[in-house]
1. What are the ³J(HN,Hα) values, in whole Hz, obtained from phi via the Karplus relation 6.51 cos²θ - 1.76 cosθ + 1.60 with θ = phi - 60°, for each residue of segment 422-429 in sequence order, with x given for Gly and Pro?
2. Starting from the amide H of GLN430, placed 1.01 Å from N in the peptide plane, find each other amide H under 5 Å away whose residue is 5 or more places distant or on another chain.
3. What does the charge dipole of segment 1-111 about its Cα centre add up to, to the nearest 20 debye, if the Cβ of each Lys and Arg holds +1 and the Cβ of each Asp and Glu holds -1?
4. Can you compute 3J(HN,Hα) from phi for each residue in segment 46-59, using the Karplus curve 6.51 cos²θ - 1.76 cosθ + 1.60 with θ = phi - 60°, rounded to whole Hz and x for Gly and Pro?
5. Need the full-extension length gain, TYR316 to ARG391, defined as separation in residues times 0.36 nm minus the C-alpha distance. One decimal, nm.
6. Kindly work out what percent of the DSSP beta bridges joining two residues of the chain are antiparallel, to the nearest 5.
7. Ordered by packing density, taken as the mean number of other Cβ atoms within 10 Å over each peptide's residues, highest first, how do 315-326, 64-75, 171-182 rank?
8. Which of rounded, prolate or oblate describes segment 21-89 when judged by the alpha-carbon gyration tensor and an a/c cut-off of 1.5?
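Here, each number is a calculation from the coordinates, and none is a lab measurement. Note that the structure is a prediction, hence the values are computed from the model and not measured. Cβ: placed from backbone, ideal geometry, glycine included. Neighbour counts: every protein chain shown.
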Amino acid sequence: MSLSEVVERVREGKEDPEERVERYLEAIREKNPELNAFTYVEEDPDVPEEPEGELAGVVVGVKANINVEGMPCDCASRTLEGYVAPYDATVVRRLKEAGAVVIGITNMDEFAAGSSGETSCHGPTDNPRAPGRIPGGSSSGSAAAVAAGLCDVALGSDTGGSIRNPASHCGVVGFKPTYGLVPRQGLVDLAMSFDQIGPLAGSVEDAALVLQVIAGPGPDVEPTVRDQGVPRYHDLLDPGEVEGYTVGLVREFLEVSEPGIAEVAEDAARRLERVGAEVVEVEVGRRLVDVALPTYYVINYVEFFSATRRFDGRRYGRRIEHVCGREVLRRIVAGAAISREEVRGQYYERALRVRTWIRRRLMDALEDVDVLLGPTVPKPPHRIGEELSVREMYGYDVLTVIPNLAGAPAGTVPFDTVEVEGDEVPCGVQVIGAPWEDLKVLNVMAALEEVAPFDMG
């Protein structure tokens, strides 16, 4: 049942929202001890007696770096252990005003620094659709909670793939909006020029409905949010629109992916052709793919180092360098080194110039097509606890960082499975659009969902 159908039933009195919440609480009690998707559960949430709004009765999980008044906002780090949010982030306030119920806080990589869901101070999250394997990160708990049926939808944050990576591994829908479409007020930054809040959901329609509620400027002054008008993403969603679209299958994205994953993306392109889309091969240049990851991480390190200077243990929490995990410390140390005046031009300022080039190159690739298509992550999820080098771990991000560098919208939809050591693991395909063309991306995602061999059940 879609969220819009749930909302209609709640409004008409055919479904009791308190009973819906209790069913999810029971599912969390049963499954969460093994999954570790939620780090905090509100056992007595505020459920409106007569819920109204576009999300009336919808049950939501929120990532641990987004403020929900009265709930922990510890970013899965001992740095902020015991910190309780004193206010609602703008997106959370909008969800509540639309009638949604926040049921708890979801696990994540510490301070969103990770691609596997293993760096949380609360311990790793398991993948409900591939037990024993990572769910992906950093929005690990949000993806796992949706995949396991512990909530209707969840919010995540995406810096370089942190929504799309776990959505692909867990077999759910994940969407990163255009930078500046969704307010970031109330989000604890990893890298402020990349971060965007977005939905993880069981279907593209559900993700579009949540986006419709949280997007757009509001009364709060936030310089990163642009007033472009907010399309009614859910109301205007039409997978039939792809019949007039041209889809660019990116050759270089296939070349850097494992063969089985590349085959899934190629199959997705063929199936789009059958429903009327024109599919053409697009080249973005191997250089773009090769430089995207180091460019992203240089900027990420510097912005993260700057953002963490407030965690000095004086006003709240503890000094971050004294209690954080290895990955967070790695980024702080690297950011401090790159920020030094004598090397700033050699690394950080050069990375900013390359970022501009990447954005321009991506826009050139989108000039003659409506969207770009390819794998979401180039390799399947490893087993929890398996030792990977830093290079291997960062390799999960090679395709997802590119839209963040360009500020472009991108989403992933579960399309098929790939076999890994005898396990059938979900595999998503990524759709990338030009900035502010989020609806086009969602339309293609919805069309892929209709023709995908993957069974969301």
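1. Along segment 422-429, the couplings run x, 9, 8, 10, x, 9, x, 10 Hz.
2. Under 5 Å from the amide H of GLN430: GLY374, THR376.
3. For segment 1-111, the charge dipole is close to 400 debye.
4. 7, 10, x, 5, 10, x, 10, x, 6, 10, 4, x, 6, 9
5. Here the answer is 23.6 nm.
6. 65 percent
7. 171-182, 64-75, 315-326
8. Verdict is oblate for segment 21-89.
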